[in-house]
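Please read the structure below before turning to the comments.
The values are calculated or read from the model by the stated rules, or taken from the named source; none is laboratory data. Predicted model, so just to flag it, every value in this text is computed and none were measured. Please note: Cβ atoms are built from the backbone with ideal geometry, for glycine as well, and neighbour counts cover all protein chains shown. What goes into the accessible areas is simple: the full protein's heavy atoms, side chains included, and nothing from ligands, DNA or RNA. Shrake-Rupley method; radii C 1.70, N 1.55, O 1.52, S 1.80 Å.
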Number of protein chains: 2
Amino acid sequence: MRRKEIIRPDLNPNVSVDCVIFGFDFQQLKVLLIEREGDFPDEKSRLALPGNLIYDDENLNMAVNRVLKELTGLDNIFLKQIGAFGGVDRISKETDKEWLRSIRAHPDARVITVAYYSLVRISDYLPAASSFAVTANWYNVDEIKDLAFDHYTILKTGLNQLRREISFRPIGFNLMPEKFTLGQLQRMYEAILGRSLDKRNFRRKIMKINILSATDEKEYDVPHKPAQYFKFNEANYKSLVETGFDNFSF
Amino acid sequence: MRRKEIIRPDLNPNVSVDCVIFGFDFQQLKVLLIEREGDFPDEKSRLALPGNLIYDDENLNMAVNRVLKELTGLDNIFLKQIGAFGGVDRISKETDKEWLRSIRAHPDARVITVAYYSLVRISDYLPAASSFAVTANWYNVDEIKDLAFDHYTILKTGLNQLRREISFRPIGFNLMPEKFTLGQLQRMYEAILGRSLDKRNFRRKIMKINILSATDEKEYDVPHKPAQYFKFNEANYKSLVETGFDNFSF
């Protein structure tokens with residue numbers, strides 16, 4: 001028998017936070033999901049974004065960092081707000097309602113949730129499930145078709161925001177290895193955008209924003225013409241993160 | 001003596017919505033504010049964005065439309081979410097706390113708010129204060145330096161989103177008169193951006209996105225060279241609202 005949540009009087013029954021943590025493993029765009037403890041008809045219906053109610057003495061960004069850490073072990077992640085989700089029937093799926101009754105002090109309370117996203121390099125983090133999460137793992141974004149509550153809608157909204165964000169600001173500094181080929185960088189953009197890009201066009205655009213420095217190293221021992229390695233030019237990269245770029249899209 | 005709020009059991013004590021309604025009067029960017037009924041040290045400390053708690057049986061967008069209508073009479077306005085604001089001390093100003101005690105059933109409850117914005121033509125709407133609003137009027141955005149709760153932060157965040165939004169999508173269809181000069185259109189962009197724009201540059205950019213059709217009419221009876229009138233090309237305008245433009249900024 002599972003415990004109900006610890007009933008601190010300052011646990012707010014009406015407001016939760018949810019995290020969409022995207023991860024890149026140099027090949028694919030993934031998302032961090034938990035399987036919830038409890039009786040579910042199948043594995044899939046256990047799957048949810050890491051999320052929980054907030055305490056009244058914490059700001060939303062404190063809450064989302066705490067909840068992410070409690071459920072998945074991930075810490076010190078810069079999270080950006082996606083927005084609030086407050087549909088009246090967002091917690092009305094029968095499997096979710098049963099689960100809420102098993103864990104919540106006020107399982108029928110209206111809950112609006114504030115969702116956040118981030119994009120991290122998968123190899124930098126080792127998820128470790130705890131609290132009501134029995135697992136915390138990375139899943140390919142394009143294989144997810146449904147999630148608990150309205151989490152699938154939240155995931156898609158977060159993905160759209162991420163895709164829009166990369167038209168304004170450089171990304172990859174914390175996702176790519178220190179040295180990388182242009183093909184590897186293109187693969188990252190393709191994984192996030194969910195579509196393939198024209199190689200020549202990509203190279204022209206990425207060179208134009210001036211965030212890369214060529215190294216004098218090349219790939220070796222590869223079955224094709226060895227590609228040159230590049231690094232991010234840290235100063236230019238950081239200044240573009242601040243200002244954003246005006247005239248850019250892939 | 002003022003009434004406390006009508007205590008419907010489904011009034012959610014923890015979640016409110018707030019509206020940032022920007023208005024354009026062909027000259028300046030304004031924002032719709034209410035003066036709250038009650039005892040305040042001065043006029044200025046009465047000023048707030050229109051906002052109130054949500055009911056549990058309404059979605060957030062239903063709530064924000066209802067609250068806007070109840071306080072200001074404005075109806076049928078397309079509102080876009082700015083995001084959630086949940087600082088623990090967002091309602092801690094003494095004047096605000098006193099006002100909450102005079103009106104709220106649970107004046108000390110933690111309240112997170114979800115803010116929305118819109119941009120309308122001022123002459124299309126006549127604000128009419130009701131409920132706890134004693135006035136509802138337009139104020140010049142650049143003259144507002146403080147507001148109730150965290151509403152000044154919300155206003156600034158909404159303004160930033162509006163400014164970013166106009167780099168992606170055409171605006172003005174519902175703000176400008178049917179026929180307008182390029183100078184008038186430039187004035188609208190300048191009012192929103194809060195800075196002046198180079199005339200030649202503005203004209204080049206606005207013609208490039210192909211949303212304007214020249215009419216064969218010109219200004220008359222003006223003390224300068226009469227300017228040509230333009231109209232929006234409705235089809236091109238609407239298609240750009242859908243897709244957004246990639247390579248544009250003022």
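Odds and ends about this structure:
- Complete set of residues in region B:51-80 that are among the acidic types (Asp, Glu) and away from chain A (no Cβ under 14 Å): B:Glu70, B:Asp75
- Any hit, region B:9-17, residues being under 21 Å from B:Tyr139 (Cα atoms) and either touching a Gly at 6+ places or on another chain (Cβ under 8 Å) or part of a loop (DSSP other than H, G, I, E, B) (or both): yes
- Taking helices (runs of 4 or more DSSP H) as the structural unit, no element lying wholly within region A:156-250 holds at least 2 residues that are hydroxyl-bearing (Ser, Thr, Tyr) and touching a strand residue (DSSP E or B) at 6+ places or on another chain (Cβ under 9 Å).
- In region B:101-132, the residue that is farthest from the other protein chains (Cβ to nearest Cβ) out of those that are aliphatic (A, V, I, L, M) and more than 24 Å from the chain's Cα centre (by Cα) is B:Ile103.
- In region B:81-99, the residue that is nearest to the other protein chains (Cβ to nearest Cβ) out of those that are in a loop (DSSP other than H, G, I, E, B) and among the β-branched types (Val, Ile, Thr) is B:Val88.
- Among residues of region A:160-175 that are outside the structural domain of A:Lys30 (by TED's automatic domain parsing) and over 16 Å from A:Lys205 (Cβ atoms), those with a Cβ under 6 angstrom from a residue that is open to solvent by 40 Å² or more (accessible area, probe 1.4 Å) and not hydroxyl-bearing (Ser, Thr, Tyr), sequence gap 6+ or separate chain, pair up as A:Asn174/A:Arg121; A:Leu175/A:Arg121.
- Residues of region B:131-152 satisfying the condition of being more than 21 Å from B:Phe78 (Cα to Cα) and either in a loop (DSSP other than H, G, I, E, B) or open to solvent by 70 Å² or more (accessible area, probe 1.4 Å) (or both): B:Ser131, B:Phe132, B:Val134, B:Asp142, B:Glu143, B:Ile144, B:Lys145, B:Asp146, B:Leu147, B:Ala148, B:Phe149, B:Asp150
- Residue count for region B:212-237, restricted to those that are under 22 Å from B:Asp25 (Cβ atoms) and open to solvent by less than 50 Å² (accessible area, probe 1.4 Å): 7
- Test: B:Leu68 is assigned to a loop (DSSP other than H, G, I, E, B), in contact (Cβ under 8 Å) with a residue 24 or more places away in the chain and either touching a strand residue (DSSP E or B) at 6+ places or on another chain (Cβ under 9 Å) or open to solvent by less than 10 Å² (accessible area, probe 1.4 Å) (or both): no
- Summed over region B:193-247, the residues that are touching a Lys or Arg at 6+ places or on another chain (Cβ under 9 Å) and small (Gly, Ala, Ser) give a count of 5.
- Cross-chain or 6+ apart pairs with Cβ under 7 Å, region A:81-103 first and over 19 Å from A:Ile54 (Cα atoms), then in a helix (DSSP H, G or I) and hydroxyl-bearing (Ser, Thr, Tyr): A:Thr95/A:Ser45
- Selection within region A:41-65 - in contact with a Leu (Cβ under 9 Å, 6 or more places away or on another chain) and among the hydrophobic types (A, V, I, L, M, F, W, C): A:Leu47, A:Ala48, A:Leu49, A:Leu53, A:Ile54, A:Ala63, A:Val64
- Failed condition for A:Lys179, given (1) surrounded by fewer than 12 Cβ atoms within 10 Å (Cβ to Cβ); (2) within 24 Å of the chain's Cα centre (by Cα): (1)
- When restricted to residues that are open to solvent by 20 Å² or more (accessible area, probe 1.4 Å) and in contact with a strand residue (DSSP E or B) (Cβ under 9 Å, 6 or more places away or on another chain), region B:71-81 contains 5.
- Conditions (1) within 14 Å of chain A (Cβ to nearest Cβ); (2) touching a strand residue (DSSP E or B) at 6+ places or on another chain (Cβ under 8 Å); (3) surrounded by fewer than 19 Cβ atoms within 10 Å (Cβ to Cβ); (4) of a type outside the set (Val, Ile, Thr); number of the one not met by B:Asp18: (3)
- Some residue of region A:64-85 being under 27 Å from A:Asn140 (Cβ atoms) and more than 18 Å from the chain's Cα centre (by Cα): no
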